[in-house]
Amino acid sequence: MPFWSMRRKTELPPEWIVLGLGNPGAEYAHTRHNIGFEVVHILANRHRIRLSLHRDHAQYGFGTVADVPVLLAKPMTYMNRSGEAARALLQRYPLEPSRLLVVVDDIALPLGRIRVRSSGSDGGHNGLASIIQCVGTQTFPRVRVGIGSPPPGQMVEYVLSRFLPQEQPVVEETLQRAADAVEVAIAEGVQEAMNRFNAQNPFANPAN
């Protein structure tokens, strides 16, 4: 197959943009705040999507999930400017915000819990606040991934910290389930993903 033909096939106009939130740079890699980046990496590996493009304030690549053309992206701004990437990508690949699926960490959810929503406020998250401001609407779906609550007065230190060794088994399983939730939202719809994944934390103590 000629190179130009392969390129055309892999860059079909996306029907979904999956935007995983995080901070760029090695110092932030694998921190709690970078859960969105981790999920995008898992999806890229599962579906053999190369995140080889660097423009529109993002690193991204094209591929398919369940035969649906998608664009997987990570903002290359810092978290509080994530909306710049969202806006630029929606403008370059004209899609409604309802086709922007954001993967984001959430301190309001316990570690191991996933919640899919079709819309909503920023909930105090700077990345979501930036997207809402830049895109001009709260009506875009998101997969919220619980990272647990910080100690009082230690919000910044907590979200920029790495997971503890004893948390790693739960984190690894949760990342895979978050990627599953993205796949279901794309293949079967956001409502189906909500029905399937908005359940009690599977790692919670049944006595609680």
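A few points about this structure:
- Fraction of alpha-carbon pairs over 17 Å apart in the range 39-157 - percent: 58 percent
- Net charge over other residues, Cβ less than 15 angstrom from the Cβ of A193 (K, R count +1; D, E count -1): +4
- For the range 39-130, a crude dipole built from +1 on the beta carbon of Lys and Arg and -1 on the beta carbon of Asp and Glu, taken about the Cα centre, is about 220 debye to the nearest 20.
- Counting neighbouring Cβ atoms within 10 Å and putting the fewest first, the residues H30, H41 line up as H30, H41.
- Acute angle (nearest 10 degrees) that the helix 168-188 long axis makes with the longest principal axis of the chain, alpha-carbon atoms: 40 degrees
- Beta-bridge orientation, the chain: approximately 55 percent antiparallel, per DSSP, counting only bridges with both partners inside.
- Annotation: peptides 117-125, 180-188, ranked by per-residue average of other Cβ atoms within 10 Å with the highest first, follow the order 180-188, 117-125.
- Total formal charge among the other residues, if their Cβ is under 12 angstrom from that of A179, Lys/Arg +1 and Asp/Glu -1: -3
- Globularity index of the chain, i.e. its alpha-carbon radius of gyration over 2.2 N^0.38 Å: 0.98
- Cβ crowding within 10 Å averaged over residues, with 165-174, 50-59 ranked highest first: 50-59, 165-174
- Degrees, to the nearest 10: 126-135 long Cα axis against longest axis of the chain: 30 degrees
- Computed about its Cα centre, the charge dipole of the range 3-197 is approximately 440 debye, with only Lys, Arg, Asp and Glu carrying charge at their Cβ.
- Neighbours of Q59, meaning other residues whose beta-carbon lies under 12 angstrom from its beta-carbon, give a summed charge of +2 when Lys and Arg score +1 and Asp and Glu score -1.
FYI, it's all coordinate maths here, none of it is from the lab. The structure displayed is predicted, hence computed values, not measured ones. For neighbour counting, all protein chains shown are included, and Cβ atoms are generated from backbone atoms with ideal geometry for every residue, glycine included.
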